[in-house]
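Take a look at the structure below.
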Amino acid sequence: MIRLLLLLLVLATGSVYLVRFVERLRRERLAQVRAAFLVDVRAPRDRDPEHKGAVLRGGAVRMRLPRHWAEEYPDEDHASFRDPGSPQRVLRVASVGVAAAPAGLRALLQARAGEEATTIEDLPEGRVLLRSLDASREDGRDVVMFCWLIASPLRPSEARLATFTLSVPEKTALDPLTRDVVAMLDLEIRSARLA
C-alpha cells in the first residue's frame, strides 16, 4: 500500500513538473515570436504572389492582398481574409472613426497599447503604427495574433483607426511560411490607405 502511495506521489509530482516545463517552453516560444515581430520583421521574399485590391465595404481601408485569398465582409467596417491553402491563418480588418486625442495620434495609440510589449512608429502622411503580439485560444486551439493598429488623421478633431489582426496556430508562429506572410502583410499594411 505504501509503495502504491509513493508511486502515485511520484507520478503526481512528475506531472506537475511536466506541465510547468511545457508552459515555460510555450512562454519562451511566444517571447521569440514577439521579439521577431516587434524588432526584426524581415523583408518579404522577391517571389510575392500576385496581389489584388481589397477594400472594406465602407471604403475606409484599402490595401493589397494575395489574389487567391478568400474574402468575407460581415458589414461595411469589418472583413476577414483567408488563404485557402492555410485556412487557419486569418487576417481580420476592422475600421472605426474616433475623436482625435488632444495630445495627438501617438498618445491615442499609446493609450490603447495596454501592458504588452509594443512598438509605435510614425508613418508618412501623419499616420502612426502600433504593432503588438498576443496569444489566445480560438476554436479550442492556441493561436498567436499579430496585430497592427494604424491611426490616421481625418479632420482636426477626428481620426481613423484601422486594426489588422493575423491569427495563426501557435505551433506554426515561427515557421518560414508564417514569417513570409507576416513580412508581406507588414509591408502591405504600412501602405494601406485609410479614408
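Please treat every number below as a calculation from the coordinates, not as lab data. Being a predicted model, the structure only gives us computed values, none of them experimental. Neighbour counts run over all protein chains shown; Cβ positions are idealised from the backbone, glycine included.
A crude spin-label estimate for the pair residue 26 and residue 171, with each label 7 Å from Cα along the Cβ direction, gives 1.3 nm. Among the DSSP helices (H) of the chain, those spanning at least 30 angstrom by Cα along their long axis with an average Kyte-Doolittle hydropathy of -1.0 or more are 2-39; this is a geometric and hydropathy rule only. The stretch between residue 123 and residue 98, if pulled fully straight at 0.36 nm per residue, gains 7.1 nm over its current Cα-Cα span. Summarising the overall dimensions of the chain from its C-alpha atoms, the Rg and Dmax are 20.5, 78 angstrom. Estimated from helical segments only, the mean residue ellipticity of the chain at 222 nm is -11000 deg cm²/dmol, where each DSSP H run of four or more residues counts as -39500 (n - 2.57).
If you run the Gaussian network model on the chain, springs between alpha carbon atoms under 10 Å, then out of 34, 137, 92 the most flexible one is 137. Given the range 125-195 reduced to its alpha-carbon atoms as identical point scatterers, what log10 I(q)/I(0) does the Debye formula return at q = 0.13, 0.28 Å⁻¹? Calculated log10 I(q)/I(0) at the listed q: -0.44, -1.24.
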